[in-house]
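*Asks:* Before I ask anything, here is the structure I am working with.
The values are calculated or read from the model by the stated rules, or taken from the named source; none is laboratory data. Given the structure is predicted, the values throughout are model-derived calculations rather than measurements. All Cβ positions, even for glycine, are placed from backbone atoms using ideal geometry, and neighbour counts span all protein chains on display. Side chains included, ligands, DNA and RNA excluded: accessible areas come from the protein's heavy atoms. Shrake-Rupley method; radii C 1.70, N 1.55, O 1.52, S 1.80 Å.
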Amino acid sequence: MPMKLFDSHCHFHDKRFNDDRDASFQRAIDSGVTRILTLGDDLEASRKAIEVAEQYEGVVAAAGVHPSNARSWNESSANELEELLAHPKVCVLGEIGLDYYWDKTDEFVEIQHRVFREQLRMAKRLNYPVSIHSRESNADVLTILEEEDGANIGGVLHCFSGSLEEARRGLALGFYLGVGGPVTYKKNDELRELLAEIGTEHLVVETDAPYLSPQPFRGKRNEPAYVATTCQLFAEFLSVAPEQMAEVTYNNALKALRIS
Ligand code: NI
């Protein structure tokens, strides 16, 4: 049986695919990637994500405002986002979350929290799972998810990196953990061991393309096809068959993103 993979987090509508999106999609298909979730990071990008999802079978979209773009959220944003979510190709609200890496001034952190909470409440009200971005902010992301009834929202902690305790807080809310390119990097023994401890039944695989290429392609543009490489390398680390890892994570992604 050929391998079947789900790239559960990428930005396939990104302009870095404008010159070869069809070819890149074909390489994904040839690598067994039959489903792709492309996520917007602001409302404009979310519109592009939907346009691209409309063009390719097996590609679905997420709409949302990334924490780095939290300042773009204004009085009309909630209505606009709600309209985007109603599109039949949109199945996830994301990517949303917190990012303290670039700017953690009190003022910006407060804006990020407000925009994150508002989108979580929308996800709960409209029954969409979420794709969560967290950079140097796991403690606050988890606390907010707990306060906002994350167990009744669900979704993925994308490109998870954190402690075992943080991972378990996410799992307790029913979230899945996203495994991407960093799990293939030489120095990331701790991350590999943590994810091994968590077990494949709670994991999904992703590229975050065009970013975070797995080891053999590091420094180059990432693309959905490479989720097969990440899956294979991590399966080797776990001593499980890549096909088994692919199948389990594929089915997990369907559950996490509530795709029937
Ligand atoms: Ni992303």
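*Asks:* Select from THR249, THR143, THR184 the residue whose mean-square fluctuation is largest in a Gaussian network model of the chain (Cα-Cα springs shorter than 10 Å).
*Replies:* Taking springs between Cα atoms under 10 Å, the residue moving most is THR143.
*Asks:* Points 7 angstrom from Cα along the Cβ direction at SER163 and ALA23: gap in nanometres?
*Replies:* My value for the distance between the label points is 4.7 nm.
*Asks:* Using a ≥ b ≥ c from the Cα gyration tensor of the stretch 1-41 (square roots of the eigenvalues), is it rounded, prolate or oblate, where a/c under 1.5 gives rounded and otherwise the larger of a/b and b/c decides, a/b for prolate?
*Replies:* On the way: a/c = 4.52, a/b = 1.44, b/c = 3.13.
Cα axes put the stretch 1-41 in the oblate bin.
*Asks:* Using a 1.4 angstrom probe, figure out how much accessible area the chain has per residue, in square angstrom, rounded to the nearest whole. The partial results should precede the final answer.
*Replies:* On the way: 11580 Å² over 260 residues.
Using a 1.4 Å probe on heavy atoms only, each residue of the chain averages 45 Å².
*Asks:* Which value, to two decimals, describes the C-alpha radius of gyration of the stretch 33-155 once divided by 2.2 N^0.38 Å? Numbers along the way, then the final one.
*Replies:* Numbers: Rg = 13.8 Å, N = 123, 2.2 N^0.38 = 13.7 Å.
Here the answer is 1.01, to two decimals.
*Asks:* With a 10 Å cut-off between alpha carbons and a GNM built on the chain, which of GLY32, GLY199, GLY162 moves the most?
*Replies:* Checking each option, the largest mean-square fluctuation is seen for GLY199.
*Asks:* What FRET efficiency would be calculated for the residue pair TRP102, LYS255, taking the C-beta separation as r and a Förster radius of 30 Å, to the nearest 0.05?
*Replies:* Working: r = 33 Å, r/R0 = 1.09.
Efficiency, rounded to the nearest 0.05: 0.40.
*Asks:* Would you work out what percent of the accessible area of the stretch 139-260, with all protein chains in place, is carbon or sulfur (probe 1.4 Å)?
*Replies:* Working: 2470 of 5110 Å².
Ligands and nucleic acids excluded, carbon and sulfur reach 48 percent.
*Asks:* Subtract the Cα-Cα distance of ALA172 and ARG221 from 0.36 nm times their separation in residues, and report this length gain in nm to one decimal. Please list the in-between numbers first.
*Replies:* Values: separation 49, 0.36 × 49 = 17.64 nm, distance 3.44 nm.
So the extension gain works out to 14.2 nm.
*Asks:* Based on the mean of other Cβ atoms within 10 Å per residue, sort peptides 173-182, 132-141 so the most packed one is first.
*Replies:* Details: 173-182: 23.4, 132-141: 21.3.
Highest-to-lowest ranking by the protection proxy: 173-182, 132-141.
*Asks:* By what distance, in whole Å, do the Cα atoms of the stretch 97-143 stretch along each of the three principal axes, largest value first?
*Replies:* 32, 17, 16
*Asks:* Report, in deg cm²/dmol and to the nearest 500, the calculated mean residue ellipticity at 222 nm for the chain, where each DSSP H run with n ≥ 4 adds -39500 (n - 2.57) and the sum is divided by the residue count. Intermediate results must be reported in sequence, preceding the final value.
*Replies:* Values: 9 runs with 109 residues, N = 260.
Estimated from H runs of four or more residues: -13000 deg cm²/dmol.
*Asks:* In the Gaussian network model of the chain, springs joining C-alpha atoms below 10 Å, which of ARG47, ARG221, ARG192 carries the largest mean-square fluctuation?
*Replies:* It is ARG221.
*Asks:* Mind checking the full-extension length gain between GLU247 and GLU44? Use 0.36 nm per residue of separation minus the Cα-Cα distance, one decimal, nm. Walk me through the numbers on the way to the answer.
*Replies:* Numbers: separation 203, 0.36 × 203 = 73.08 nm, distance 3.34 nm.
Net length gain for the segment: 69.7 nm.
*Asks:* Same structure again: For the stretch 120-158 and the stretch 1-57, what is the separation of their C-alpha centers, rounded to whole Å?
*Replies:* If you average the Cα positions of each part, the centres end up 23 Å apart.
*Asks:* Run the quick spin-label model on ALA78 and ARG125: label points 7 Å from Cα toward the beta carbon, then report their separation in nm to one decimal.
*Replies:* Roughly 0.5 nm, to one decimal.
*Asks:* Between the DSSP loop rule and a limit of at most 10 other Cβ atoms within 10 Å, which GluC sites (Glu not before Pro) in the stretch 69-98 are left?
*Replies:* Working: sites: GLU75, GLU80, GLU82, GLU83, GLU95; in loops: GLU75.
Those that pass, being in a loop and sparsely packed, are GLU75.
*Asks:* Which residue, TYR100, GLN112, ALA172, has the largest displacement toward the positive end of the dipole of the stretch 81-185 when charges sit on each Cβ (Lys, Arg +1; Asp, Glu -1)?
*Replies:* Projecting each Cα onto the dipole axis, the largest value belongs to ALA172.
*Asks:* Dipole magnitude of the chain about its Cα centre, charges +1 at Lys/Arg Cβ and -1 at Asp/Glu Cβ only, in debye to the nearest 20? Intermediate values should be presented prior to the final figure.
*Replies:* Numbers: 27 positive and 42 negative charges, 98 e Å.
Here the size comes out at about 480 debye.
*Asks:* Report the full-extension gain for the segment GLU146 to SER239: residue separation times 0.36 nm, less the Cα-Cα distance, to one decimal in nm. Let's see the in-between values first.
*Replies:* Details: separation 93, 0.36 × 93 = 33.48 nm, distance 3.41 nm.
Contour length minus the Cα-Cα distance gives 30.1 nm.
*Asks:* Would you work out which of LEU194, ALA256, GLY58 lies farthest towards the positive end of the dipole of the chain? Charges go on Cβ: Lys and Arg +1, Asp and Glu -1.
*Replies:* Among LEU194, ALA256, GLY58, the one farthest towards the positive end of the dipole of the chain is GLY58.
*Asks:* Moving on to the next point. Under the Kirkwood approximation applied to all pairs of distinct alpha-carbon atoms, what is the hydrodynamic radius of the stretch 5-256 in Å?
*Replies:* Details: mean 1/r = 0.0559 Å⁻¹.
In the stretch 5-256 this quantity evaluates to 17.9 Å.
*Asks:* At a 10 angstrom cut-off on C-beta neighbours, averaged per residue, how do the peptides 224-233, 103-112 rank from highest to lowest? Don't jump to the answer; show the numbers that get you there.
*Replies:* Values: 224-233: 24.6, 103-112: 14.2.
Those peptides, ordered most packed to least, come out 224-233, 103-112.
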